[in-house]
Amino acid sequence: DKGNHRHFMAKEIDEQPETISHTLSHYVDMASETAALREGLPFDFASLPRLTISACGTAYYAGCVAKYWFERYARLPVDIDVASEFRYREPPLMPNGLSLFISQSGETADTLAALRYCASQDQHIASLINTLESTIARESDVVFPILCGPEIGVASTKAFTAQLTALAGLAVAAGRARGVLTPEAERQLVHALVGLPSAVSEALRAETQIMEIARHLSRAKDVLYLGRGQMFPIAMEGALKLKEISYIHAEGYPAGELKHGPIALIDEDMPVIVVAPSDELVDKTLSNMQEVAARGGRIILITDEVGANAAGKDVAEIIRIPQVSSFVAPIVATIPVQLLAYHTAVAMGTDVDQPRNLAKSVTVE
Ligand code: M6R
């Protein structure tokens, strides 16, 4: 049921404050502000040599963000691949390593094949799943649920933020188990997670401004999304969302790679969406943005108050998100990229919930 919404995608974007809060209540203990692990683990985070993540599409981008978190907050080295590449590379894996598969549907053929390869290589098999009655869930040693409810729109939205929320909780739990996080550091990270539902509600308030920006975006042929660090996967996710439902060509690029090629594409007709909330890397990203501005590119900057003040005058539009800890900023910055894709598609009149050539669950390789 779409309720008062025109599309399932709009409903699923809107319900994220509630779905995130639901996911959180599983992964953190709100009262003590600590990470909670409710699943019995068949492995020990403390002695893990390495974590290998495989997934497809949006689920892969969630894994890319999680790589930053596990490496930063748990000092756990992470390899991440799209499942369709991983499975044929047949990488050597250390016995007793942990392999994690992220899938909303639990039925994606390439992800399942990657899982079966890892199972044959003596890995512990964990999955992060929405549809618990699924093949990937059945074949896993431990299943971490994302608990966002059924997702109907082909373009994944609330499953992505639920995947990120669950992964954030797991990264904090791993950081504690590995002795990396002091109790106070853990409390601060969990405190930031607990603030997510209200930060996401606030981010959703930019919708009217985004509708206006989307009217311009719907006339573009190509759109470039830039991000650095943990915002790079959000740039890729924004580009994927736009491609899927508006059929406009878009690319997510690491901001620092711009001058190694793609800057040649920049002219007045190329909107460039820069995802750069304030963090320790924001100045670098903003200087890449200035290079785009100097070549006439039309910049739409997604940032917070501090980032907006540092941005200078070269920006056509600033979409503001609330000021949050850099730990959870990728989740909050996801909201505007979802809304931009959605309203661009609506402005173009495409079939938002059932885009051409796509299926909700990709069960063929
Ligand atoms: O069900 P899964 O999470 O395994 O699906 C993976 C991708 O097919 C999926 O995320 C796809 O990229 C979405 N259409 C993205 O919006």
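The values are calculated or read from the model by the stated rules, or taken from the named source; none is laboratory data. Just so you know, these numbers come straight off a predicted model, no measurement behind them. FYI the Cβ positions are ideal-geometry reconstructions off the backbone, even for glycines, and counts take in every protein chain you see. Remember, those area values only see protein heavy atoms, side chains included, never the ligands or the DNA or RNA. Shrake-Rupley method; radii C 1.70, N 1.55, O 1.52, S 1.80 Å.
Could you order the peptides 60-67, 172-179, 160-167 from most to least packed, using the average number of other C-beta atoms within 10 Å per residue? Walk me through the numbers before you get to the answer.
Numbers: 60-67: 26.0, 172-179: 21.1, 160-167: 28.1.
For the peptides 60-67, 172-179, 160-167, the packing ranking is 160-167, 60-67, 172-179.
At a 1.4 Å probe, what is the % contribution of carbon and sulfur to the accessible area of the chain?
50
Could you report the chain's accessible area per residue, 1.4 Å probe, as an integer in Å²?
Spelled out: the 1.4 Å probe surface of the chain, per residue, equals 39 Å².
Suppose only helical runs count, i.e. DSSP H with n ≥ 4. What mean residue ellipticity at 222 nm does that imply for the chain under -39500 (n - 2.57) per run, divided by all residues and rounded to the nearest 500 deg cm²/dmol?
-14000 deg cm²/dmol
Return the Cα extents of the stretch 1-78 along principal axes one, two and three, sorted largest first, each rounded to a whole Å.
49, 34, 23 Å, listed from the longest principal axis down.
If we sort 206-219, 145-158, 43-56 on the protection proxy, mean other Cβ atoms within 10 Å, highest first, what's the order?
So the peptides 206-219, 145-158, 43-56, ranked by packing, come out 145-158, 43-56, 206-219.
Angle, helix 158-177 long axis vs. longest principal axis of the chain, Cα atoms, 0 to 90°, nearest 10?
In the chain, helix 158-177 runs at an angle near 50 degrees to the longest axis.
Could I get the Rg over Rh figure for the stretch 1-131? Both from C-alpha atoms, Rh via Kirkwood, rounded to two places.
Computed over Cα atoms, the ratio is 1.01.
In debye, nearest 20: dipole of the chain around its Cα centre with unit charges on the Cβ of K, R (+) and D, E (-)?
Roughly 240 debye for the chain.
Out of all DSSP beta bridges with both ends in the chain, state the antiparallel percent to the nearest 5.
Here the antiparallel bridges make up roughly 5 percent for the chain.
Just for the stretch 219-365, what percent of DSSP beta bridges are antiparallel, to the closest 5?
The antiparallel fraction comes to roughly 0 percent.
Residue by residue through the stretch 314-319, what is 3J(HN,Hα) from phi via Karplus (6.51 cos²θ - 1.76 cosθ + 1.60, θ = phi - 60°)? Round to whole Hz and write x for glycine and proline.
Karplus values, whole Hz, x for Gly and Pro: 7, 9, 6, 9, 10, 9.
Within 15 Å, Cβ to Cβ, of residue 303, how many net charges do the neighbouring residues add up to if Lys/Arg are +1 and Asp/Glu are -1? Walk me through the numbers before you get to the answer.
Details: positive: 228, 284, 313, 320; negative: 202, 279, 280, 283, 304, 305, 314, 317.
Value of the local net charge: -4.
How far, in degrees from 0 to 90, does helix 282-294 lean away from the longest principal axis of the Cα atoms of the chain, to the nearest 10?
Approximately 30 degrees, to the nearest ten.
How do the peptides 223-231, 288-296 rank, highest first, by the average count of neighbouring beta carbon atoms within 10 Å per residue? Spell out each step's value before the answer.
Values: 223-231: 26.1, 288-296: 17.1.
Top to bottom by mean Cβ count within 10 Å: 223-231, 288-296.
State log₁₀ I(q)/I(0) for the chain at q = 0.08, 0.09, 0.11 Å⁻¹ as given by the Debye formula over alpha-carbon point scatterers of equal weight, solvent excluded.
One equal scatterer on each Cα of the chain leads to -0.37, -0.47, -0.71.
What angle, in degrees between 0 and 90 and rounded to the nearest 10, separates the Cα long axis of helix 183-194 from the longest principal axis of the Cα atoms of the chain?
With both axes taken from Cα atoms, the answer is about 50 degrees.
For the stretch 81-199, just the Cα atoms, rotate onto the principal axes and tell me the three extents in Å, largest first.
41, 38, 22 Å, listed from the longest principal axis down.
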